[in-house]
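The values are calculated or read from the model by the stated rules, or taken from the named source; none is laboratory data. On a predicted model such as this, the values are computed, not experimentally measured, just so you know. Counting neighbours? That spans all protein chains shown, and the Cβs are built from the backbone with ideal geometry, glycine included.
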Amino acid sequence: MARHVVAPVAEIPPGGRKVVDAAGKRIVVFNLDGDFFALLDRCPHQGGPLSGGLQCGLTQSDAPGTYRFSRAGEFLRCPWHQWEFDIRTGKSWFDPRRVKVRPFPAHVEPGAALVEGPYTAETFPVRVEDSYVVVEA
């Protein structure tokens, strides 16, 4: 993989993002509290621009009315259909095979029984060299 200098570190503040073109690919680089991650700027569902998505966190529940919010800003919602991706891994938290317009029985299961979605957004290695963000694509 070729190395691509993206920007000075200060140009992408914590919680920020920057869209770059590297090796003919549109890539969005995120700064999560000083750790940098890069995703292909294309949702694997229907090609929506992930760079235009809302950063959000993880909400979990063990029982109705009880919620835990964690990992603020570490998930990204596709602006087209709201699919959520873990910015750190690119993994989807949405499984399209379960979305249907027909009723299903509902029941409560522990969070550990649930599985991640089958899709993964393409990721790229990112590191900081001499105060510049560098992406390998």
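General observations
- Beta carbons closer than 7 Å, at least 6 apart along the sequence or on distinct chains, never pair a first residue in region 118-132 that is closer than 20 Å to Lys91 by Cα with a second that is exposed (fewer than 14 other Cβ atoms within 10 Å of the Cβ).
- Some residue of region 112-122 being over 28 Å from His4 (Cα atoms), assigned to a loop (DSSP other than H, G, I, E, B) and either at pLDDT 80 or above or touching a strand residue (DSSP E or B) at 6+ places or on another chain (Cβ under 6 Å) (or both): yes
- The residue of region 42-97 that is farthest from Gly24 (Cα to Cα), among those that are hydroxyl-bearing (Ser, Thr, Tyr) and part of a strand (DSSP E or B), is Thr66.
Rundown of residues vs (1) β-branched (Val, Ile, Thr); (2) over 27 Å from Val128 (Cβ atoms); (3) in contact with a helix residue (DSSP H, G or I) (Cβ under 6 Å, 6 or more places away or on another chain), yes/no style:
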site: Lys18; (1), (2), (3): no, no, no
site: Val28; (1), (2), (3): yes, no, yes
site: Phe37; (1), (2), (3): no, no, no
site: Pro44; (1), (2), (3): no, yes, no
site: Thr66; (1), (2), (3): yes, yes, no
site: Phe85; (1), (2), (3): no, no, no
site: Arg88; (1), (2), (3): no, no, no
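- Subset of region 19-30 [without any contact (Cβ under 8 Å) to a residue 40 or more places away in the chain and either farther than 13 Å from Val126 by Cα or not hydrophobic (A, V, I, L, M, F, W, C) (or both)]: Val19, Asp21, Gly24, Arg26
- Test: Val29 is over 10 Å from the mean Cα position of the chain (by Cα), in a strand (DSSP E or B) and surrounded by 17 or more Cβ atoms within 10 Å (Cβ to Cβ): yes
- Taking region 1-18 as the range and being part of a loop (DSSP other than H, G, I, E, B) and more than 14 Å from Glu122 (Cβ to Cβ) as the test, the residues that pass are Ala2, Ile12, Pro13, Pro14, Gly15, Gly16.
- Some residue of region 1-16 being closer than 22 Å to Tyr132 by Cα, crowded, with 19+ Cβ neighbours inside 10 Å and free of Cβ contacts under 8 Å to residues at least 24 places away in the same chain: no
- Residues of region 32-53 satisfying the condition of being loosely packed, with under 12 Cβ neighbours inside 10 Å and modelled with pLDDT of 90 or more: Asp33
- Close pairs from region 43-65: first more than 11 Å from Gln82 (Cα to Cα), partner acidic (Asp, Glu) and part of a loop (DSSP other than H, G, I, E, B), Cβ under 6 Å, at least 6 apart: Pro49/Asp41; Ser51/Asp41
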